[in-house]
Amino acid sequence: MIPMAEKMPAIMKTKPAYGAELVEVDVPKPGPGEVLIKVLATSICGTDLHIYEWNEWAQSRIKPPQIMGHEVAGEVVEVGPGVDTLKEGDYISAETHIVCGKCYACRHNRYHVCQNTKIFGVDMDGVFAEYAIVPAQNAWKNPKNMKPEYASLQEPLGNAVDTVLAGPIAGRSTLITGAGPLGLLGIAVAKASGAYPVIVSEPSEFRRKLAKKVGADYVVNPFEEDPVKFVMDVTDGAGVEVFLEFSGAPKALEQGLKATTPGGRVSLLGLFPRNVTLDFNNLVIFKALEVHGITGRHLWETWYTVSSLIQSGKLNLDPVITHKYNGFDDFEEAFELMRAGKTGKVVFFPQRG
């Protein structure tokens, strides 16, 4: 059903400065190839936090005013011209990378590294609103019984899945550096996929406790203990078979490489704030490490894996979702808690009444 309201609340980056504002905007109309969704759940991503903080990356990419947000689950309420794959009432999530389908990468089926990618809430209006536009080609149909908060998490969960499953993981000793929201999802995927033991290095006590709730076998505070020695003690001096880097901390990268056994596998998802200097000869080349850079999600293979993992019941996602908000009134509190490292995933349920 087409919404009766003409206006809706939305979290908008209104100016090139720290923070955001809750504003009233027009409910958008879907154009050709688009659908309008009623947003049932939308979660905060690290990218949203960067935009809120207005860091160097955001300053170079974002052009205010613009509605924020890109992780979403919603119900189709209006279908634009030319859309024949969706109908009103469909329950969807969204692949947030809008790809061109024409560049070299796309024509080699590497859509996740499309050279002309555009992203919801980054290059165009996002989903921190009661209603949002989604290109039909980016819609993913969800089973009706999937919780909206889980459905919203599928996009970032895809990042974690590609990081964890870039190589063999079942029965492999694994080190995860960083237990922020994505690291917590990585722990859940690693445990669901049979990794053992899963060792997590994280300086925040709050997040170390979350890591244990999600299923980590061991946690270590890298500010108080040497995580390399810790790993070597747990693995009888062998080092871990798999190293998954989620923190974006240069020191964590170095420690993780040291703690990885020769011939082991490394997956890098965390984004580093500056250029990183490493002893590549001794930490990577002479150890014959297999190194993967991870970005986005494979379209659409990873989505099938994510959906199946959620429906299997083997993913322990409830501890990852630490904060839920009805509406957007307290969005500033949510962002500030996230900045302080006192949250896992934060989910908004925008619908009033």
Which one is surrounded by the most Cβ atoms within 10 Å (Cβ to Cβ), of the residues in the range 55-72 that are more than 11 Å from Ala139 (Cβ to Cβ) and of a type in the set (A, V, I, L, M)?
Met68
Matching residues in the range 188-217 (surrounded by fewer than 17 Cβ atoms within 10 Å (Cβ to Cβ) and of a type in the set (Ser, Thr, Tyr)) number 1
Scanning the range 19-64 residue by residue, those of a type in the set (Asp, Glu), out of contact with any Gly (no Cβ under 7 Å at 6 or more places or on another chain), over 13 Å from Phe128 (Cβ atoms) and modelled with pLDDT of 95 or more turn out to be Glu24, Asp26, Glu53
For the range 1-45, give me each residue that is hydrophobic (A, V, I, L, M, F, W, C) and within 23 Å of Ala58 (Cα to Cα).
Ala10, Ile11, Met12, Ala17, Ala20, Leu22, Val23, Val25, Ile44, Cys45
Taking the range 223-238 as the search range and keeping residues that are closer than 16 Å to Thr174 by Cβ and either of a type in the set (D, E, K, R) or surrounded by fewer than 13 Cβ atoms within 10 Å (Cβ to Cβ) (or both), which one is farthest from the chain's Cα centre (by Cα)?
Asp236
Per the filter on the range 5-49, residues in a loop (DSSP other than H, G, I, E, B), crowded, with 18+ Cβ neighbours inside 10 Å and under 24 Å from the mean Cα position of the chain (by Cα) are Ala20, Ile44, Cys45
Qualifying positions in the range 307-322 - touching a strand residue (DSSP E or B) at 6+ places or on another chain (Cβ under 9 Å) and either aromatic (Phe, Trp, Tyr) or under 14 Å from Pro148 (Cα atoms) (or both):
Ser307, Leu317, Ile321
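The values are calculated or read from the model by the stated rules, or taken from the named source; none is laboratory data. Note that the structure is a prediction, hence the values are computed from the model and not measured. FYI the Cβ positions are ideal-geometry reconstructions off the backbone, even for glycines, and counts take in every protein chain you see.
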